[in-house]
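Written out below as structure tokens is the structure these notes cover.
The values are calculated or read from the model by the stated rules, or taken from the named source; none is laboratory data. The structure presented is a predicted model; accordingly, all values stated were derived computationally and were not measured. As a convention, Cβ positions derive from the backbone with ideal geometry for all residues, glycine included, and neighbour counts pool all protein chains shown. To get the accessible areas, we keep the full protein, side chains included, count just its heavy atoms, and leave off ligands, DNA and RNA. Shrake-Rupley method; radii C 1.70, N 1.55, O 1.52, S 1.80 Å.
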Amino acid sequence: MNFYILEVEKTRFIISNTPTNVNLPVYLETLYNQNTNIIVRFGEKRYDEDCIRDIDFVDLYIEDGSVPSD
């Protein structure tokens with residue numbers, strides 16, 4: 001699993017591929033260690049978010065190969 005961390009001023013972004021229920025514990029460990037408080041999904045959900053605590057979700061679905069709308 002690859003995680004890319006981008007920092008802009010005082011905001012940190014963690015960019016990764018989509019986790020699944022199988023590898024979700026590894027993702028959660030990284031997210032909690034980085035004090036993540038929101039997850040923005042750009043694709044379909046492939047994991048059960050009910051086991052995730054103290055992190056909010058925003059869905060901004062973008063179809064593969066398409067351009068995001070304004």
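Observations, loosely collected:
- For the chain, size of Cβ-based charge dipole, Lys and Arg +1, Asp and Glu -1, in debye: 220
- Averaging Cα coordinates gives a centre for the range 49-64 and one for the range 2-19; these two points are 15 Å apart.
- In range of the label at GLU7: residues from the range 25-43 whose backbone nitrogen is under 19 Å from the point 7 Å along Cα→Cβ: 30-38
- Net lengthening on full extension, VAL26/ASP54 (0.36 nm per residue, minus Cα-Cα): 8.4 nm
- Pairs of Cα atoms nearer than 8 Å and 6+ residues apart set the relative contact order; for the chain it is 24 percent.
- Tail weight of P(r) past 19 Å, computed on alpha-carbon pairs of the chain, percent: 36
- Accessible area of the range 1-68 belonging to carbon and sulfur atoms, whole % at 1.4 Å probe: 49
- Surface analysis of the range 6-45 yields an accessible area of 76 Å² per residue, using protein heavy atoms and a 1.4 Å probe.
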